[in-house]
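K.L.:
Before we start, here is the structure in question, set down as C-alpha cells.
The values are calculated or read from the model by the stated rules, or taken from the named source; none is laboratory data. If you're wondering where the values come from, they're calculated on a predicted model, not measured in any experiment. Cβ placement follows ideal geometry from the backbone for every residue including glycine, while neighbour counts extend to all protein chains displayed.
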Amino acid sequence: MAISTAAFGTASDGTAKATYTPSRNPNIGVQYGTDYSGIVRNQAIGGEVYTIERYGKRKSWAMTYAFLDSTDQAKLQALIDYADGRKTVFYFAEDNFANGVDAVDGLASGSSHTNGTYTNVELSGGSGTGVKATVVISSNAVNSVSITTVGSGYADNEELGIPTSVIGGSGSPHCDVNGVTAGANSVKVRFDQESFSFEEVAQGATSITLNIIEQL
C-alpha cells in the first residue's frame, strides 16, 4: 500500500505513536525493497547457545525526512533511542495505524444474484478503503461474506456494499462491519543501519534517511 501517514509505535496498534512520529511524512519517492538473506539469531537450546539462520522474504523501506523542525527531530531521535540503534524492534504503519475490518455481519441481499463463490470482491462504502472479501451466493441470495483483506480506516458497524456488478442481480446487497483492529496493517520492524546522522539543511531544519526492515 502507498504511504498515507507513516507512523511509528511500540505496539502493533500504534501505542505511543505520538511520541515517535513526526508531524510530516517522508519525502515523495520512498524506496521499497525485499530481502531474502539469512537472518542470524542466537538461540539457547539445552543449555548451549547456537547461532542459527532463518530465511524469508522481508520488506524494507528507505525514508528521507527533510526540513525537520526541532520538535519533529526530537521525535525521531526518541525513536532511535528507544530502538537502541538496531537492537530493539518497533512497529511501522503506512496508514497511521488505522483500523482494519475484523469481520462482518448483518448480511442483506438484493434479488436474483448469480450463485457461486466470488473472491477478492472489494466492498464499497464506509469511512475506509481497500477491504475485500470472499462472497458466497446460494439460492440467489448472499449466504456469507468472509474478509480476506482488512483494508484501512474503517469504523465498527459501518455498512459496506456488495457490488452487483460482481455478484449479479439487483438491489442493494450489503453487510455491516463487526469489529475493527487498530494497526491491522502495521509491520514489526527494526533499523537496518549502523549509524544515524541529522544533517542541517537550513537554519533550524535538518534531514535524515532512515532504513528499516521487517523483523521476522
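K.L.:
Considering only residues that are part of a loop (DSSP other than H, G, I, E, B) and charged (D, E, K, R), look in the stretch 141-166 and name the one that is farthest from the chain's Cα centre (by Cα).
P.N.:
So the residue we want is Glu158.
K.L.:
Sort out for me the strands (runs of 3 or more DSSP E) sitting completely within the stretch 44-122 that have 1 or more residues that are at pLDDT 95 or above, among the acidic types (Asp, Glu) and exposed (fewer than 15 other Cβ atoms within 10 Å of the Cβ). Steps first, answer last, please.
P.N.:
On the way: elements: 48-54, 58-68, 90-93, 99-101, 104-108, 116-122.
The qualifying strands (runs of 3 or more DSSP E) are 104-108.
K.L.:
Next question. Return a yes/no flag: does the stretch 165-178 have any residue that is touching a Ser or Thr at 6+ places or on another chain (Cβ under 6 Å) and either within 18 Å of Ser70 (Cβ to Cβ) or hydroxyl-bearing (Ser, Thr, Tyr) (or both).
P.N.:
Yes: one or more hits.
K.L.:
For the stretch 157-182, what are the residues that are polar (S, T, N, Q) and closer than 18 Å to Gly100 by Cα? Break it down stepwise before answering.
P.N.:
Our first condition is that a residue be polar (S, T, N, Q); within the stretch 157-182, this holds for 157, 164-165, 170, 172, 178, 181.
Passing the criteria: Asn157, Asn178, Thr181.
K.L.:
Still on this structure, I have one more. Going through Ser139, Ser127 one at a time, which residue ends up being farther than 26 Å from Thr15 by Cα, at pLDDT 95 or above and small (Gly, Ala, Ser)?
P.N.:
None of the other options fit; the residue is Ser139.
K.L.:
Could you tell me which residue of the stretch 123-135 is farthest from Gly183 (Cα to Cα), considering only residues that are among the β-branched types (Val, Ile, Thr) and surrounded by 16 or more Cβ atoms within 10 Å (Cβ to Cβ)?
P.N.:
So the first thing to find is which residues in the stretch 123-135 are among the β-branched types (Val, Ile, Thr), and the list is 129, 131, 134-135.
Filter once more, keeping what is surrounded by 16 or more Cβ atoms within 10 Å (Cβ to Cβ): 131, 135.
Numbers: Val131: 14, Val135: 25 Å.
Out of the qualifying residues, it is Val135.
K.L.:
Same structure again: Filter the stretch 127-144 for residues that are within 11 Å of Val104 (Cβ to Cβ) and among the aliphatic types (A, V, I, L, M) and give the result.
P.N.:
Within the stretch 127-144, Val131, Ala133, Val135, Val142 meet the criteria.
K.L.:
Could you look through the stretch 123-134, keep only residues that are in contact with a Gly (Cβ under 9 Å, 6 or more places away or on another chain) and assigned to a strand (DSSP E or B), and pick out the one that is nearest to Pro163 (Cα to Cα)?
P.N.:
Ser124
K.L.:
Do you know which residues across the stretch 197-216 are under 14 Å from Gly85 (Cα atoms) and surrounded by fewer than 11 Cβ atoms within 10 Å (Cβ to Cβ)?
P.N.:
Of everything in the stretch 197-216, just one residue is under 14 Å from Gly85 (Cα atoms) and surrounded by fewer than 11 Cβ atoms within 10 Å (Cβ to Cβ), namely Ser197.
K.L.:
While we're here: Could you tell me whether Val142 is surrounded by fewer than 17 Cβ atoms within 10 Å (Cβ to Cβ), at negative phi and of a type in the set (Val, Ile, Thr)? If you could, list the steps in order and put the result at the bottom.
P.N.:
On the way: surrounded by fewer than 17 Cβ atoms within 10 Å (Cβ to Cβ): no; at negative phi: yes; of a type in the set (Val, Ile, Thr): yes.
Here the answer is no, as Val142 does not meet what is asked.
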